[in-house]
Every structure is written in C-alpha cells, then in structure tokens.
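For reference, the structure discussed in these notes is given below.
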Amino acid sequence: MKTSTLASIAEAQAGRRALLVVTRLADGAQCMVDAAGGSGDFALAPEQLAEAAAMLQSGRCGALETLPDSFARAYVPSPRLLIIGAVHIAQALAGMAATAGYAVTVIDPRGAFASPERFPGIELCDEWPDEALARLGLDDATALVALSHDPKLDDPALELALPSRLFYIGALGSRRTHEKRLERLRAAGLGELTGRIHSPIGLDLGGRAPAEIAVSILAEIIRVRYKGTAA
C-alpha cells in the first residue's frame, strides 16, 4: 500500500472518521472515499461513488459491482458509547456494551457514583458532561445515552449531542419527564432536532429491572447502528 494511503488511513483513524480505500487491481491505483466524497489516483463515476458510500456506511469490504477488477476495504472507527450518569442502569449497560465491542465511557462529576468499584474495567470521567463531550468529540460511530435523570447533567449533554453526527441519542425518563425536557431544549433553540432523541429509551421488551432496561437500551443502539427494524 502506498505511503500516502497509509498516511490518510492513519489520519482518518486518529480523527475517528470512516474511510474506504478502493484499489483498481489492474494498475494499483487507489481512490479514498469518506463522507465528503472521493479523492486519489482516479475519480469514481457517480454510480461507483454511491456504491462505495454504501459500503463505507456498512463497513463492508469486497469488489465494487460497478467497478470490475477492483477491491474496496473499509476502515471504520470502533463503536463507542458515552453514558451520562453513573446510575444503576449505567452499571449494567456499561458492562454489556463493553462485551458487545463498544468502547464505553461513563461521565459523571459525582465521584461517589462514578467510582472504579461500581464500574470495574470501565473508563470513567468526572468532568461535567459539556466539558467531557467537547474533549472526547462526537462522531458518527458514537452513541450517547443520558441516564442521570438530572437536567443539570443530561441537558448540557443533549444540547451538544443533538447538532452532532452521533448515530444514536437516547434519554431516560417517562413521557412526562421527556416533554419537560423537550420544552427546555426548544427554549435553547434545538426544537427542530429533538426528534433525534430516543425516549422512552430502549426497545419495548417489557422489563423493569435495571439490567433489563440496560438490555433494551443496548438492543436499540445495535438496531439503529445497523439500521435494522424491531420485530
């Protein structure tokens, strides 16, 4: 692989950006495709670029049907889950999500809640959510769930999350609680984006225990990530 291509892949991974490298097997020429389009040794026709974009979105590798004698490889950032609020549901969800392959960070400035004893092996952050999210970055391979039930923690996180490229945003709370949340977000000028929030959070599996709710949340995150539909 060319040095310039390797450099582009490294840069994309450092910035948690998905990148597809299309190699023309006849001569080794390469075209790199990301969310902004294609660039490199050769240009892809519109139908080829559309197919490449679909492969990038799904993370698939293989030949492009619209470009014979080619091979495309996707380099996608690992999925990440940011949890606001080190509550009981977060304890269950963090471990489940880590087992499912997500890099998990629990954000809560309340040290008594976000402790290594309650979250063994999980990355903890004691910053306020708005500070933490500004530092961590919000990309399209990241999901965020607001579980604290405290507007002082959840609202600043949601205000940053809504205009971002996060693939999933969820917030814990009853319909009444969520309506009050929506009123606050509308007052902050984010009314047009509030439809992105999954609330009531999680798939309706009927469970009520913290671990059961965590299962429903993770199931919904996975469904949205792969753009599936609930049965």
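The values are calculated or read from the model by the stated rules, or taken from the named source; none is laboratory data. The structure presented is a predicted model; accordingly, all values stated were derived computationally and were not measured. Using ideal geometry, Cβ is built from the backbone for each residue, glycine included, and neighbour counts are taken over all protein chains shown.
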Residue identified as among the basic types (Lys, Arg) and within 30 Å of GLU127 (Cβ to Cβ) among ARG16, ARG73, ARG24 = ARG16
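Within the stretch 163-182, how many residues turn out to be more than 15 Å from the chain's Cα centre (by Cα) and in a loop (DSSP other than H, G, I, E, B)?
Taking the stretch 163-182 and keeping what is more than 15 Å from the chain's Cα centre (by Cα), we get 172-182.
So of that shortlist, the ones also in a loop (DSSP other than H, G, I, E, B) come out as 172-174.
Selection size over the stretch 163-182: 3.
Which members of the stretch 106-121 meet the condition of being surrounded by fewer than 20 Cβ atoms within 10 Å (Cβ to Cβ) and under 17 Å from ALA146 (Cα atoms)?
Just the residues of the stretch 106-121 that are surrounded by fewer than 20 Cβ atoms within 10 Å (Cβ to Cβ), to begin with: 109-113, 115-118, 120-121.
Answer for the stretch 106-121, where residues must be surrounded by fewer than 20 Cβ atoms within 10 Å (Cβ to Cβ) and under 17 Å from ALA146 (Cα atoms): PRO109, ARG110, PHE113.
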Answer yes if at least one residue in the stretch 98-111 is at pLDDT 90 or above, over 16 Å from the mean Cα position of the chain (by Cα) and of a type in the set (Gly, Ala, Ser), and no otherwise.
-> no
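May I ask you to verify whether ILE197 is under 17 Å from GLY85 (Cα atoms) and touching a residue at least 40 places away in the same chain (Cβ under 8 Å)? So that I can check it myself, show each step before the final result.
Numbers: under 17 Å from GLY85 (Cα atoms): yes; touching a residue at least 40 places away in the same chain (Cβ under 8 Å): no.
For ILE197, the condition - under 17 Å from GLY85 (Cα atoms) and touching a residue at least 40 places away in the same chain (Cβ under 8 Å) - is not met.
Just need a number here: residues in the stretch 122-141 that are without any contact (Cβ under 8 Å) to a residue 24 or more places away in the chain and either buried (at least 19 other Cβ atoms within 10 Å of the Cβ) or within 19 Å of the chain's Cα centre (by Cα) (or both). Spell out how you get there, then give the answer.
Here is the first cut: in the stretch 122-141, the residues without any contact (Cβ under 8 Å) to a residue 24 or more places away in the chain are 123, 125-127, 131, 135.
In the following step, the residues that additionally are either buried (at least 19 other Cβ atoms within 10 Å of the Cβ) or within 19 Å of the chain's Cα centre (by Cα) (or both) were identified as 123, 125, 131, 135.
So the answer is 4.
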Residue that is in contact (Cβ under 8 Å) with a residue 40 or more places away in the chain, in contact with a helix residue (DSSP H, G or I) (Cβ under 6 Å, 6 or more places away or on another chain) and either assigned to a helix (DSSP H, G or I) or of a type in the set (A, V, I, L, M, F, W, C) (or both), where the choices are LEU185, LEU205, LEU153, LEU160 | LEU153
Could we say that ARG186 is over 30 Å from ALA36 (Cβ atoms), surrounded by fewer than 19 Cβ atoms within 10 Å (Cβ to Cβ) and either within 19 Å of the chain's Cα centre (by Cα) or not aliphatic (A, V, I, L, M) (or both) here?
-> yes
Report, ordered by the first and then the second residue, all pairs with beta carbons closer than 8 Å, sequence separation of six or more or different chains, a first member in the stretch 54-68 that is at positive phi, and a second member that is part of a loop (DSSP other than H, G, I, E, B).
-> GLY59/ALA18; GLY59/VAL76
